[in-house]
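Beneath this line is the structure, given in structure tokens, with notes to follow.
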Amino acid sequence: MLGTRGVVGVMAGVTMVVAIAAFRSGRKPLGLWLLTAGFFIASIWSALSVYWTQENTGVLSSESHLMLGTTAVAGTIYYWMLAREAASEQ
């Protein structure tokens, strides 16, 4: 049975896979917005994981989840800026 973290992780992965499919079909702005959403969902997953590892033991420490979250937030900002630029060009 998947918990909340598992569902959020699957949502992030599926969103990023759909974004790559959008890129390959030539819809760059849609792909960038979907990547932004995927990285935002990954940020939520990391925040949930940091909280979860404070209370429970996990494979990764809460510091590792915090570093993953920082990377996800950076990816969200990066793809958001690219998506805004691509949307303004059209």
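The values are calculated or read from the model by the stated rules, or taken from the named source; none is laboratory data. Only a predicted model underlies this, so the values are computations on that prediction, with no experimental measurement involved. FYI the Cβ positions are ideal-geometry reconstructions off the backbone, even for glycines, and counts take in every protein chain you see.
Looking at Leu30, is it surrounded by 15 or more Cβ atoms within 10 Å (Cβ to Cβ) and closer than 28 Å to Ala87 by Cβ? So that I can check it myself, show each step before the final result.
Details: surrounded by 15 or more Cβ atoms within 10 Å (Cβ to Cβ): yes; closer than 28 Å to Ala87 by Cβ: yes.
So Leu30 passes the test.
Scanning the range 66-90 for residues that are within 19 Å of Gly6 (Cα to Cα) and over 13 Å from the mean Cα position of the chain (by Cα), which turns out surrounded by the fewest Cβ atoms within 10 Å (Cβ to Cβ)?
Met67
Kindly provide the set of residues from the range 19-77 that are at pLDDT 90 or above and charged (D, E, K, R), ordered by number.
Arg24, Arg27, Lys28
Under 15 Å from the mean Cα position of the chain (by Cα), more than 16 Å from Tyr78 (Cα to Cα) and assigned to a helix (DSSP H, G or I) - does that describe any residue in the range 25-45?
Yes - at least one qualifying residue is present in the range 25-45.
Quick test for you: out of Val18, Val50, pick the one residue that is in contact with a His (Cβ under 9 Å, 6 or more places away or on another chain), part of a helix (DSSP H, G or I) and of a type in the set (A, V, I, L, M).
Details: Val18 fails: in contact with a His (Cβ under 9 Å, 6 or more places away or on another chain).
When all the criteria are applied, what remains is Val50.
Filter the range 42-90 for residues that are under 25 Å from Val17 (Cβ atoms) and either among the β-branched types (Val, Ile, Thr) or in contact (Cβ under 8 Å) with a residue 60 or more places away in the chain (or both) and give the result.
Ile44, Val50, Val59, Thr70, Thr71, Val73, Thr76, Ile77, Gln90
How many of the residues in the range 1-15 are part of a helix (DSSP H, G or I) and farther than 11 Å from Ser49 by Cβ? Steps first, please.
Initially, the range 1-15 is screened for residues part of a helix (DSSP H, G or I), giving 4-15.
Now narrow it down to the ones that are farther than 11 Å from Ser49 by Cβ: 7, 10-15.
Number of matching residues: 7.
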